[in-house]
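The values are calculated or read from the model by the stated rules, or taken from the named source; none is laboratory data. Quantities reported herein were computed from a predicted structural model and do not represent experimental measurements. Counting neighbours? That spans all protein chains shown, and the Cβs are built from the backbone with ideal geometry, glycine included.
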Amino acid sequence: MRSRSSYKTGLLRIEWVAAGVLIALCLYLGGCSTSGLNTSEMASSEKTIVLGLIQIEPRGPYFRLHQAEALVRFFDVRNTNTAERSRVQVTEKAERFVTRLSPGHYELFRIQIGEGPFRSEAHVNMTFNVVPGKTNYLGVWRLRVDPPKTVRMLQWEVLPEIKHLDPVPLLGPILGDRPLEVSLLKPVNNQHRLFAVAPSQPRAKYFYRR
C-alpha cells in the first residue's frame, strides 16, 4: 500500500503542474492580445492637446462691497466611452486653457466660477470631441454671469473667434506643427443655474449647495 506521505506528494505535484499550465496559458493569451494591437489603436490611447479661450463678464451691476471680478477656476469633463474624469484648472485671470486628454467623445458637466472669496458652480451638459494627432480647439467661451441674487444664471456662448479676442497670438506658440482641429463645444448657446458652494456665504439652503 502507498503511504499517506507519498499520496500527498503526488497531489502536490499535480497542483504544481496545473499551476504551471495556467500561468503558461495566461502568458500566451496576454502575448496574443498585445501583439494584436495595431499602430492606430496604440496611438488612440495617447493624450493630445486640447485648448480654448475664455471671456467672462457680468450681466449687470454688482451690489456687494469690494466685489471681485468673476473668474473661471476649473471645469470637469468626462470621457463618455471610458467614464474617465478630468479636472482642468484655469490659471487666475487667464484668457486661455490648455490641457491634454485621451481621444474620444467628452461631456463637460461642471464649471466653477470664483469671485474673490465667493464660489459658484453650474452643472451643465455640453459635449465635444478630441481627435488624435491634432491640436483640438474648443473655441471662445463667452460667459456672462448674473449679479448676486437669489437665482443666478450663467449664459454660455461658444464662438470660433471674436473681435476683441484673437486666438492666433494666444494659441500660436502652442500649436507648433500639429494641425488644428476645430471642435466647438456644443450646444453653442445655453444658460445654466449657478449655485453657491463652500466657502461662499450666505449659507441659506435655497441657494447654497455643498
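Can you tell me which of 193, 144, 209 is modelled with pLDDT of 90 or more, over 21 Å from the mean Cα position of the chain (by Cα) and of a type in the set (D, E, K, R)?
Numbers: 193 fails: over 21 Å from the mean Cα position of the chain (by Cα); 209 fails: modelled with pLDDT of 90 or more.
Criteria check complete, one pass: 144.
Can you name every residue in region 176-194 that is in contact with a strand residue (DSSP E or B) (Cβ under 8 Å, 6 or more places away or on another chain) and either over 20 Å from residue 142 (Cα atoms) or without any contact (Cβ under 8 Å) to a residue 60 or more places away in the chain (or both)?
To start, the set of residues in region 176-194 that are in contact with a strand residue (DSSP E or B) (Cβ under 8 Å, 6 or more places away or on another chain) comprises 176, 178-194.
Once the filter is applied, which keeps residues that are in contact with a strand residue (DSSP E or B) (Cβ under 8 Å, 6 or more places away or on another chain) and either over 20 Å from residue 142 (Cα atoms) or without any contact (Cβ under 8 Å) to a residue 60 or more places away in the chain (or both), region 176-194 yields 176, 178, 179, 180, 181, 182, 183, 184, 188, 189, 191.
If I filter region 94-112 for residues that are of a type in the set (Gly, Ala, Ser), part of a strand (DSSP E or B), in the same structural domain as residue 187 (by TED's automatic domain parsing) and free of Cβ contacts under 8 Å to residues at least 24 places away in the same chain, do I get at least one hit?
Keep residues of region 94-112 that are of a type in the set (Gly, Ala, Ser), which gives 94, 102, 104.
Those left that are additionally part of a strand (DSSP E or B): 104.
Filter again for in the same structural domain as residue 187 (by TED's automatic domain parsing), leaving 104.
Right, trim to free of Cβ contacts under 8 Å to residues at least 24 places away in the same chain and you get none.
Scanning region 94-112 turns up no residue that is of a type in the set (Gly, Ala, Ser), part of a strand (DSSP E or B), in the same structural domain as residue 187 (by TED's automatic domain parsing) and free of Cβ contacts under 8 Å to residues at least 24 places away in the same chain.
For region 115-141, give me each residue that is in a strand (DSSP E or B) and either over 22 Å from the mean Cα position of the chain (by Cα) or of a type in the set (Lys, Arg) (or both). Steps first, please.
Just the residues of region 115-141 that are in a strand (DSSP E or B), to begin with: 115, 118-130, 135-141.
Correct list: 115, 118, 119.
Of all residues in region 87-134, count the ones that are modelled with pLDDT under 95, closer than 20 Å to residue 161 by Cβ and of a type in the set (Phe, Trp, Tyr).
Looking only at that region, the number is 1.
Across region 116-141, what is the total count of residues that are of a type outside the set (Ser, Thr, Tyr), crowded, with 20+ Cβ neighbours inside 10 Å and farther than 19 Å from residue 76 by Cβ?
Residues flagged as of a type outside the set (Ser, Thr, Tyr), crowded, with 20+ Cβ neighbours inside 10 Å and farther than 19 Å from residue 76 by Cβ within region 116-141 amount to 1.
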